[in-house]
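Computed from the coordinates by the stated procedures, all read-outs in this text should not be read as laboratory data. What you see is a predicted model; the values in this text were computed from it and never measured. We place every Cβ from the backbone using ideal geometry, glycine too, and count neighbours over all the protein chains shown.
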């Protein structure tokens, strides 16, 4: 059941990121007359919320990979289902990290928010603190599986909540903009 929940959250996260960055943003720059460019990449249309979202998701995804690496380094004494999940998380988060980084670079934006540079990211919702990470790293293989699952549930749940809030905020802003435009017609 945990695998199903994790797969569902991962699929929702990937879909949400794609929709948020590619389809739900408005470009504040003047639009081009070239209507055939509608199939262009997410780099062509973004806003400040897209940038902030991508910058916040990068450390979140990187930490999930780091947690998975810690668990996988424990060896064969870790529960096989938990090992399989950690491998799946790495396989899914790695390409998302690449996409988020690529989009930020295409947009000419830094991969970290200036206020977050050198910061302990544990203050972000769902991020494990240094002591949480140390606990996972020092846990015995038998204990690491359970701790990994507990931490990853918190980690993924917080990411899903953050994405939902980002979408609601973006959509609300666009709805208000459209209502204003309609009122002026």
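Between residue 157 and residue 88, the simple label model (points 7 Å from Cα in the Cβ direction) yields a spacing of 1.9 nm. Full extension of the segment from residue 106 to residue 129, taken as 0.36 nm per residue of separation minus the current Cα-Cα distance, would add 5.2 nm. Once the C-beta distance of residue 143 and residue 48 is scaled by a Förster radius of 41 Å, the resulting FRET efficiency is 0.45 to the nearest 0.05. Most tightly packed first, judged by the mean number of other beta-carbon atoms within 10 Å of their residues, the peptides 164-173, 137-146 read 137-146, 164-173. Between residue 98 and residue 167, the contour length at 0.36 nm per residue exceeds the alpha carbon distance by 22.7 nm. How many percent of the alpha carbon pairs in the range 75-185 exceed a separation of 22 Å? Looking at the range 75-185, the distances longer than 22 Å represent 53 percent of pairs. A P(r) calculated from all alpha carbon pairs of the range 55-106, with 5 Å bins opening at zero, reads 5, 22, 27, 19, 13, 8, 5, 2, 0 percent.
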